[in-house]
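Peer 1: I'd like to ask you about the structure that follows.
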Ligand code: MG
């Protein structure tokens, strides 16, 4: 099932998207927290403005260096345990929304990633239980200011600035996360061509690891790391991330006014 959050000019609503990613059937309520029912209203993806499919109430947990070839391209070793960082929910924007590059940085990179959405409150879970707490998957761009990442000694500003976490285009609830291609294009040119099977720590291990540090709440998001091929993106460029069986998340990059 694909669940989109969108607006037609009024309050955000949710809907079920068809397999082709074209039609939307509106539902009542927020599927993360409530039982949903079809309202009978239908529309098309083209006619609405898609929004970030979830705004985390609690947290986004990023995972660093979870693909060996990406760790290597940055001159890093693969960490033995998943390396976690937190991103504030104010960084989230939706499909098509601009990523605003502030004057604080002059070295912004895209990072195409599979994002996991938690569906149930949990703590201290083992990897073999992780599937039960997953609501679904979406696509994330873990936009990173490399100069701040190097200079700050931790990653709060580098990855947490406003608009630096585009999510979308919708949530896919039926997906095998071990077997999807992740392709990033910058102005149409393929710059990342990875596969989730190359993650160092798989989705179940990441959820287990995160849950041993933090209580996970419905709507929390885990960014599972980026494959090799990261690179700069400048104002005026557009980044599209496509993940098999989910769809494509596209965002323009602009300079702050
Ligand atoms: Mg990342």
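Peer 1: What's the number of the only condition in (1) surrounded by 16 or more Cβ atoms within 10 Å (Cβ to Cβ); (2) in contact with a strand residue (DSSP E or B) (Cβ under 8 Å, 6 or more places away or on another chain) that residue 71 fails to meet?
Peer 2: It fails just one condition, (2).
Peer 1: Which one of the conditions (1) assigned by TED's automatic domain parsing to the domain that holds residue 214; (2) in contact (Cβ under 8 Å) with a residue 40 or more places away in the chain does residue 83 fail to meet, given that it meets all the rest?
Peer 2: Unmet condition: (2).
Peer 1: Test residue 162 against the stated conditions and say whether it is away from the ligand (no atom under 16 Å from the Cβ), over 16 Å from the mean Cα position of the chain (by Cα) and either assigned by TED's automatic domain parsing to the domain that holds residue 248 or touching a residue at least 12 places away in the same chain (Cβ under 8 Å) (or both).
Peer 2: So residue 162 does not fit the description; no.
Peer 1: Next up: Could we say that residue 143 is within 14 Å of the chain's Cα centre (by Cα) and at pLDDT 95 or above here?
Peer 2: Working: within 14 Å of the chain's Cα centre (by Cα): yes; at pLDDT 95 or above: yes.
So residue 143 fits the description; yes.
The values are calculated or read from the model by the stated rules, or taken from the named source; none is laboratory data. It should be emphasised that the depicted structure is a prediction, and the values quoted were computed from it without experimental measurement. No Cβ is skipped: glycine too gets one built from the backbone with ideal geometry, and neighbour counts run over all protein chains shown.
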